[in-house]
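The structure appears right after this line, and notes come after that.
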Amino acid sequence: MEDLAHWIRLYLDEKIGIARQFPVDEVVRLTQAVIRAYDNDGAVYIFANGGPAGAAEGFATDLKTHPFVAEDKTRTTDLRRLTVHCLNESAGVITGVANDLGHDAIFVEQLKNHLRGPERNRFDLVIGLSGSGNSRNVLEALRYAKSFGATTACVCGRGGGKAREVADLCVIVPGRSTFPGQTGANDNNFHIEDFQTSVSHMVTGLLKRRVWAGR
């Protein structure tokens with residue numbers, strides 16, 4: 001029988017290797033941008049396609065709630081919450097925009113409901129998650145947000161793609177993989193998605209530290 005344990009160990013060993021070379025400084029910058037949005041009553045917008053869409057929704061859920069709940073989960077703080085919007089959580093909005101205007105517009109069209117200009121949006125943060133950094137709808141939204149003075153970020157892999165040039169900051173998951181399902185055009189895909197969630201948890205935990213330290 002095939003040694004499945006070999007492949008499982010390979011997956012975990014690859015993940016350890018990625019963690020050891022992870023771009024910590026860029027995660028620091030992303031965390032600082034989230035804290036800046038919170039401190040200045042800005043808003044955070046998060047979005048992604050496919051598998052990372054689940055990570056985006058989880059990221060938004062955590063930022064909305066987790067930093068404001070006590071460690072024993074018996075109480076919350078009455079301090080002002082962070083305003084967070086996940087742009088991929090409404091099937092109605094996404095399919096409606098895609099049907100009328102095309103899939104590339106599904107995020108940028110939603111930002112048009114919120115963004116007003118540099119004076120209003122200079123403390124806002126717009127975060128796209130992408131495997132390759134080349135998702136057209138993510139890039140369109142990042143470009144649009146920049147034109148309104150918002151800070152833009154992308155958490156992606158495979159060298160960052162075009163997002164590396166478009167976003168103000170880019171957390172790029174390093175490494176390559178030989179694990180089944182994430183080779184070829186999907187190179188490192190599972191690890192990229194795993195670490196997108198890890199980044200969201202690091203940022204959420206550090207925002208919680210900031211919120212409770214300021215009580």
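Observations
- Filtered residues of region 133-159 (kept if more than 17 Å from G51 (Cα to Cα) and either basic (K, R) or surrounded by 22 or more Cβ atoms within 10 Å (Cβ to Cβ) (or both)): L139, A141, L142, R143, A145, K146, A150, T151, T152, A153
- Scan of region 115-146 for residues that are of a type outside the set (D, E) and under 17 Å from V34 (Cβ atoms), ordered by number: N121, R122, F123, L125, V126, I127, G128, L129, L142, A145
- Of residues in region 38-57 being surrounded by 24 or more Cβ atoms within 10 Å (Cβ to Cβ) and touching a Phe, Trp or Tyr at 6+ places or on another chain (Cβ under 6 Å), the one nearest to N88 (Cα to Cα): F47
- One residue alone among E119, E109, E89 is surrounded by fewer than 20 Cβ atoms within 10 Å (Cβ to Cβ), touching a helix residue (DSSP H, G or I) at 6+ places or on another chain (Cβ under 6 Å) and not small (G, A, S), and that residue is E89.
- Filter result (farther than 30 Å from H6 by Cβ, more than 21 Å from the chain's Cα centre (by Cα) and at pLDDT 90 or above) within region 173-215: W212
- Qualifying residue in region 62-83 (condition: crowded, with 18+ Cβ neighbours inside 10 Å and among the β-branched types (V, I, T)): no
Each row is one residue, and each column tells you yes or no for (1) within 19 Å of the chain's Cα centre (by Cα); (2) within 30 Å of R209 (Cβ to Cβ); (3) of a type in the set (D, E, K, R).
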site: V44; (1), (2), (3): yes, yes, no
site: G50; (1), (2), (3): yes, no, no
site: F59; (1), (2), (3): yes, yes, no
site: D62; (1), (2), (3): yes, yes, yes
site: H66; (1), (2), (3): yes, yes, no
site: T77; (1), (2), (3): no, yes, no
site: C86; (1), (2), (3): yes, yes, no
site: A105; (1), (2), (3): yes, no, no
site: V108; (1), (2), (3): yes, no, no
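Conditions tested, residue by residue: (1) in contact with a strand residue (DSSP E or B) (Cβ under 9 Å, 6 or more places away or on another chain); (2) β-branched (V, I, T); (3) assigned to a helix (DSSP H, G or I).
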residue: R164; (1), (2), (3): yes, no, yes
residue: G175; (1), (2), (3): yes, no, no
residue: T178; (1), (2), (3): no, yes, no
residue: Q196; (1), (2), (3): yes, no, yes
residue: V199; (1), (2), (3): yes, yes, yes
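- Selected residue (criterion: farthest from S132 (Cα to Cα)) from residues of region 175-185 that are exposed (fewer than 14 other Cβ atoms within 10 Å of the Cβ) and without any contact (Cβ under 8 Å) to a residue 40 or more places away in the chain: G181
- Against the criterion of being under 19 Å from the mean Cα position of the chain (by Cα) and part of a helix (DSSP H, G or I), L30 qualifies.
- Scanning region 1-24 for residues that are of a type outside the set (A, V, I, L, M) and in contact (Cβ under 8 Å) with a residue 40 or more places away in the chain yields W7, Y11, E14, K15, G17, Q21, F22, P23.
The values are calculated or read from the model by the stated rules, or taken from the named source; none is laboratory data. Source: prediction; values computed, not measured. In this analysis, Cβ positions are derived from the backbone assuming ideal geometry, glycine residues included, and neighbour counts consider all displayed protein chains.
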